[in-house]
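> My questions will all concern the structure given below.
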Amino acid sequence: MGGVDGGVGDDLYTVMLASNRSSIGQRSNFERLSIEGNGTLELTLDQGFQSIALVGTGLNLALAGFTVGAVTGSDAAETLAVDGDIATISLDAGNDELALGTMRANGLYMGGAGTDLLRFTANAPVTLAGTATGFERVALAGGALTVAGTLGTTGTALTFDDAAQSVTVATGGTLVGAIDLGAGNDGFRLAAGGTLLGTVSGGAGTDTATLELAGDRTLGTDMLRDFEILNSEGNGTLTLTGAQSYEHVNAAANLTVGSGASLMAPVEFGAGDNRFTIAGAFAGSVDGGNGTDTILVSGGSAAAPVAFSSIANVEAFGMTAGYATIAGNASLSNVDMSGGRLVGLAGSTIRAAQIAVRSGATFGSAGSVIGNIAVAGTLSPGASPGTMTVTGNVSLASGSVSLFEITPTIADKLVIDGGLSIASGATLRIVADGAIRPGTSYDLIVASGGISGSYTTIDKTASLFGFVVQRADRIQLLSQFLGDPAFSPQITRSVAYTNAAIQVQPATSTLFAALPSLLTASGASNPLAFAQLTPEAYASATQMGVDQTLSLTDVARGPGFATSDREDVGVFTFAQGIAQWHTLGADRDEGTAKARTSGYGFLGGIGIGNRDWSVGAFAGYLDSRQRIASLGAATSIDGVVAGVHGRYAASNIRIGASIPL
């Protein structure tokens, strides 16, 4: 068969497909090729074309060393597969597919309307140096794409296949639209001179985003989503905005969490001298790596603190404002706080050669601190409340405040394995949350190396009834008992006496263990217990001795101790029983209680004399019982009594004497 010659001019050769074909007829001098109908044409070029038009068909094209200037499509769906590159491809509307076999795509590729697929079939990394727009899907046979030109369309989603792949936006390259890397462990790299106009999502899998810096750069949540690892490289500062969360952040450059932004991730720096600035919120660990690294904090609040789980290999920690906490171990060379509050949580350990808490800053811990602490601002041991242990020395400058919080069950405590120095002008402030159990002793500060100086001002909550005692190695708060207007004068004096006794007790006094017995179940001062401490029971008991003396006197004066009216001198014996009882009445105004006393006894003896005179000796026993029911007090006195007795009577003169032995 002969061929067809287009001759001179702009000639069109049209192929009508009724099914798939693998060749076209012989022809020459045709500048344009049109493929129409149904099916796919397998074509190896034997000449070049200025343009190829596809109308609802497919074309698998082998260039064989020839070139095609442009390929166009129609509103129908077309597929184009080429083993090299074509300068311009515009597939127009329809769900089209473009497959390029080149490893460097320099052309202009337009998917048009519809859902279009751009496929790079080379089993190797591919570079897009040209422009590809209007495509909704990208497939990479080689798993790697470098965008040195432009990829994507503003406001349009562009999804990569689910296989693991890497996408790099090179210097001068631009990635546009809402990019989704799909499932798989994907990587995305944005070079220092690259441009991202849209959002890149890592999709499912463990995905890594790497940002190259040649100066400062800002990364917002509208740029990267669904990445597990964030890397920064180069020089400058990467500033994060919005709420960002990663499984890990590797920062070779400086890193800043902007004001109003947040970062939840463990952060690890490289070998350089890096700076981590936190003006917003942060939660995670920090490892400074090699080099001289610095953390600067000005963000956080009590409700949402900057929360460090741990800090390692960081040389300097500075804080100017905000609120930060440390939950685990923090290894620092020095800490310098000019503002804000830093709190070590229970179980934490903060190591620093020197911690400087300047005026306006607050530092405290409920864990351990290893290093020396110099406070010009506020030292707040515990973490509302708790015990802070310091291995080192603590110095409190003039104007500093030591803040201790106390609850009914626990109090802040500062334990120093070293010395404490307190400058004149320092203040001790004690804040009580609720009523404190009276008679309780709190060790606020214990310093094994001793305490020098003392607080100039002690500021206590008005409701905290107690006083502060400073000893050689500790400072204590001794809570006192509260009185009540309804207490009697005796009970009131007993409360005052007990409070005074507390103040002079040594720290090891056993009195403190007995003080809880003076409280009611609700923790108030027990009037019945304090009444038992008054001398009333003892004062009433002395009356029994008086009663026994009076009884003995009555018996000695009575006829039982005398002879009969005989004139002759002779020996005689005598004996007499004793019984008495009486009540000391209560006095409501004076607060005295009713006391009931009873007694009995027996006396007997031998004497010599007549009616004018007699002498003798006597012996016996006396027993008395007293009970004050309202005080629960009972007293008994019993014992043996003996003595001598004498009488003399002449005219109207009578003399008698009894001398107990």
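> Answer rounded, prolate or oblate for the stretch 342-382, using the Cα gyration tensor with square roots of eigenvalues a ≥ b ≥ c: rounded when a/c is under 1.5, else prolate when a/b is larger than b/c, else oblate.
On the way: a/c = 2.70, a/b = 1.35, b/c = 2.01.
Oblate is the answer for the stretch 342-382, as a/c is 1.5 or above yet b/c matches or exceeds a/b.
> Measure nothing fancy, just the Cα-based angle from helix 489-503's long axis to the longest principal axis of the chain, in degrees from 0 to 90, nearest 10.
60
> Calculated FRET efficiency, Thr44 and Ala192, Cβ-Cβ r, R0 41 Å, to nearest 0.05? Walk me through the intermediate numbers first.
Details: r = 43 Å, r/R0 = 1.05.
About 0.40, to the nearest 0.05.
> Might you report the magnitude of the Cβ-based charge dipole of the chain about its Cα centre, with Lys and Arg at +1 and Asp and Glu at -1, to the nearest 20 debye? Spell out each step's value before the answer.
Numbers: 30 positive and 54 negative charges, 894 e Å.
I would put it at about 4300 debye.
> So what J values fall out for the stretch 552-559 if you push phi through Karplus, 6.51 cos²θ - 1.76 cosθ + 1.60 with θ = phi - 60°, rounded to Hz, Gly and Pro as x?
5, 5, 4, 5, 5, 7, x, x
> Of the listed peptides 212-225, 307-320, what is their order by residue-averaged count of other C-beta atoms within 10 Å, with the highest listed first?
Values: 212-225: 16.4, 307-320: 20.1.
The packing order, highest mean first, is 307-320, 212-225.
> Highest mean first, what order results for 204-210, 617-623, 25-31 on Cβ atoms within 10 Å?
Details: 204-210: 19.4, 617-623: 17.3, 25-31: 14.0.
For the peptides 204-210, 617-623, 25-31, the packing ranking is 204-210, 617-623, 25-31.
> At 222 nm, what value in deg cm²/dmol follows for the chain if DSSP H runs of at least 4 each add -39500 (n - 2.57) and the sum is divided by all its residues, to the nearest 500? Don't jump to the answer; show the numbers that get you there.
Details: 4 runs with 46 residues, N = 661.
Value at 222 nm, helices only, nearest 500: -2000 deg cm²/dmol.
> Near the amide H of Leu59, under 5 Å away, which other amide H atoms are found, from residues 5 or more places off or on another chain, if H is placed in the peptide plane?
Leu41, Thr79, Leu80, Ala81
> Right, here's the next one. Which percent of the accessible heavy-atom area of the chain goes to carbon and sulfur, probe 1.4 angstrom?
53
> Sort out for me the Cα centre separation of the stretch 375-414 from the stretch 1-77, rounded to whole Å.
87
> Further, regarding this structure: Over the chain, with the other protein chains present, what is the accessible area per residue in square angstrom, probe 1.4 angstrom? Don't skip to the end; give the middle numbers.
Working: 28760 Å² over 661 residues.
Accessible surface, normalised per residue, equals 44 Å².
> Follow-up. Apply the a/c threshold of 1.5 to the C-alpha gyration tensor of the stretch 213-266 and tell me whether it is rounded, prolate or oblate. Numbers along the way, then the final one.
Working: a/c = 1.67, a/b = 1.25, b/c = 1.34.
Oblate, since a/c reaches 1.5 and b/c is not below a/b.
> Toward the positive end of the charge dipole of the chain, about the Cα centre and with charges on Cβ (Lys, Arg +1; Asp, Glu -1), which of Leu477, Val15, Gly419 goes farthest?
Leu477
> Quick one, which of (i) 193, 52, 36; (ii) 121, 81, 50; (iii) 124, 76, 52 is the actual Cα extents along the principal axes in Å calculated for this model?
Correct label, based on the coordinates given: (i).
> Need one word for the stretch 363-491: rounded, prolate or oblate. Basis is the Cα gyration tensor (sqrt eigenvalues a ≥ b ≥ c); a/c below 1.5 gives rounded, then a/b vs b/c decides.
Working: a/c = 2.17, a/b = 1.88, b/c = 1.15.
Cα axes put the stretch 363-491 in the prolate bin.
> Would you work out which of Ala501, Ala432, Ala524 lies farthest towards the positive end of the dipole of the chain? Charges go on Cβ: Lys and Arg +1, Asp and Glu -1.
Farthest towards the positive end: Ala501.
The values are calculated or read from the model by the stated rules, or taken from the named source; none is laboratory data. All of these numbers come straight from a predicted model, not from anything done at the bench. All Cβ positions, even for glycine, are placed from backbone atoms using ideal geometry, and neighbour counts span all protein chains on display. In case anyone asks, the SASA skips ligands and DNA or RNA and just uses the protein heavy atoms, side chains included. Shrake-Rupley method; radii C 1.70, N 1.55, O 1.52, S 1.80 Å.
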